[in-house]
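Visitor: Below is a structure I'd like to ask you about.
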Amino acid sequence: MVLAIYNFYVFDRRGVCLFYQEWSREHNPLADNPDEDAKLVFGLLFSLKQLGRKFSPGSGATTNAGDAPDTRGNMTSFSTNKFTLHQYETASGLRFVLNTDKCNSQICKNIQETLRSTYADLYVHMVVRNPMFTPGEPIENPSFRKKLDAMMVGMAKRF
Amino acid sequence: MSRNQRLGESCYNDLEKINAELFTLTYGALVAQLVRDMEDVDKVNAKLDEMGHNIGLRLIDELLAKSGIARCGSFRETADVVSKVGFKMFLNTVPNVDNWNERGTECTLVFDDNPLEDFVALPSSCAGLKYSNVLCGVLRGALESVHLAVACEIVSDALKGDPKTEIRMSLKHVIEDEAGEDYRED
């Protein structure tokens with residue numbers, strides 16, 4: 001069986017879409033406005049995190065002056081009847097987002113691991129270390145796209 | 001050995017290395033060129049800080065990805081990671097974290113060994129130069145990326161006759177999550 005992968009976004013902490021890749025997207029009402037599409041996705045994830053922080057059990061108040069913002073609002077995936085959205089968020093605020101066919105929790109776990117590896121192996125090596133990359137600007141390195149494509153397609157075939 | 005110490009060691013072992021002398025001399029050549037170009041040591045200090053800031057914004061992702069550290073619970077923990085993992089990974093030196101204020105928001109990094117300053121003697125015309133100021137910028141940039149706004153300053157400098165180089169690091173505030181301007185309501 002092959003897992004269907006739909007599309008992939010990288011956002012920085014301010015919500016700038018650094019990268020977008022699409023494999024299959026049958027229905028896209030915002031096809032002619034990709035900026036708006038990316039903003040919708042980031043806006044949703046941002047709000048979900050705020051909501052998660054408010055709703056999660058335990059006190060949200062940070063007691064010491066140096067306490068980092070808490071991570072209780074962090075979300076790794078959600079599903080609708082039709083698809084699952086996976087998110088890997090780094091401590092530096094980057095978000096790696098992948099939409100796939102609806103999948104079970106074991107597959108979700110595997111996909112988290114793949115997204116972590118897109119950060120640690122691809123992003124760090126091909127974007128951070130690239131002297132031509134300006135933080136906050138879209139990623140234009142063609143080999144990043146190529147490697148990412150190979151990684152995601154390879155992953156989809158394993159399921 | 002503490003957990004962060006072990007983590008720092010293992011991250012350091014996994015990284016590709018370059019010759020330390022080449023690195024030290026390259027940095028020296030850079031500072032010397034800046035001094036020649038800008039002529040004013042205050043401007044050089046500011047430039048080094050700015051360059052460090054840009055480096056820090058990038059280094060943080062390398063550190064997070066290689067070490068697998070998710071998030072620190074307090075500024076004390078952050079300072080421990082900075083010294084034992086960050087400085088170990090990138091400069092193979094581990095400054096002591098000392099001199100905490102009561103609230104746990106200010107501390108001093110004390111360098112027994114600062115690889116940037118090997119072979120350096122400051123001429124009298126550069127008395128005001130903060131030779132290692134790039135480190136302050138790196139700390140500021142890297143910590144800003146993980147939601148901590150800090151101020152850093154070299155408070156004692158081995159190049160100017162002090163026993164050790166020391167950087168005072170103080171937490172100004174924790175940066176809240178915020179979306180960019182594109183997301184503001186019109």
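Visitor: Where in segment B:81-110 does the amide nitrogen come within less than 20 Å of the point 7 Å from the Cα of B:E9, taken along Cα to Cβ?
Guide: Within reach of a label on B:E9, which here means backbone N under 20 Å from a point 7 Å along Cα→Cβ, segment B:81-110 contributes B:81-97.
Visitor: Just want to confirm a number: the relative contact order over segment B:74-126, from Cα pairs under 8 angstrom separated by 6+ residues, in percent.
Guide: About 27 percent, as a whole number.
Visitor: Where does the longest stretch of chain A lie that holds no GluC sites (Glu not before Pro) found in a DSSP loop with 14 or fewer other Cβ atoms within 10 Å?
Guide: So the longest stretch without any such site is A:27-139.
Visitor: Right, next: Which whole-number percent gives the relative contact order of segment B:3-174, counting Cα pairs below 8 Å spaced six or more residues apart?
Guide: That works out to 27 percent.
Visitor: Taking only Cα atoms and a 10 Å spring cutoff, compute GNM fluctuations for chain B and point out the largest among B:V44, B:V138, B:V155.
Guide: Answer for the Gaussian network model of chain B: B:V155.
Visitor: Specify the residue with the greatest mean-square fluctuation among B:E77, B:E176, B:E153, computed from a Gaussian network of chain B linking alpha-carbon atoms under 10 Å apart.
Guide: Ranking B:E77, B:E176, B:E153 by mean-square fluctuation puts B:E176 first.
Visitor: In deg cm²/dmol and to the nearest 500, what is the mean residue ellipticity at 222 nm of chain A if only DSSP H runs of at least 4 residues count, each as -39500 (n - 2.57), divided by the residue total?
Guide: -11000 deg cm²/dmol
Visitor: Ordered by residue, what ³J(HN,Hα) values in Hz, to whole numbers, does segment A:45-50 give under the Karplus form 6.51 cos²θ - 1.76 cosθ + 1.60, where θ = phi - 60° and Gly and Pro are x?
Guide: Here the 3J(HN,Hα) series is 5, 5, 5, 4, 5, 4 Hz.
Visitor: Hey, another quick one. Go ahead and collect, in residue order, the members of segment A:18-36 whose backbone nitrogen is under 15 Å from a label point 7 Å along the Cα-Cβ direction of A:T80.
Guide: In segment A:18-36, the label zone of A:T80 (backbone N under 15 Å from the point 7 Å along Cα→Cβ) covers A:25-31.
Visitor: While we're on this one: What residues of segment A:84-115 lie in the reach of a label at A:N28, counting those whose backbone N is under 13 Å from a point 7 Å from the Cα along Cα→Cβ?
Guide: Inside the label zone: A:99.
Visitor: Pick out, in residue order, every one of the trypsin sites (Lys or Arg not before Pro) in segment B:77-186 that is DSSP loop and has at most 10 other C-beta atoms within 10 Å; say none if there are none.
Guide: B:R184
Visitor: If you plug each phi of segment B:99-116 into the Karplus form 6.51 cos²θ - 1.76 cosθ + 1.60 with θ = phi - 60°, what whole-Hz ³J(HN,Hα) values come out, in order, with x for Gly and Pro?
Guide: Result, rounded to whole Hz: 6, 5, 7, 5, 7, x, 10, 9, 8, 10, 9, 10, 9, 5, 9, 10, x, 5.
Visitor: Could I ask something else about it? Whats the longest run of chain A with zero trypsin sites (Lys or Arg not before Pro) that are DSSP loop and have at most 13 other Cβ atoms within 10 Å?
Guide: Between exposed loop sites, the widest span is A:26-81.
Any read-out appearing in this document is the output of simple, stated calculations on the displayed coordinates, not a laboratory observation. None of the values given here were measured: they were computed from a predicted structure. Don't worry about glycine lacking a Cβ; one is built from the backbone with ideal geometry, like all the others, and counts go over all protein chains shown.
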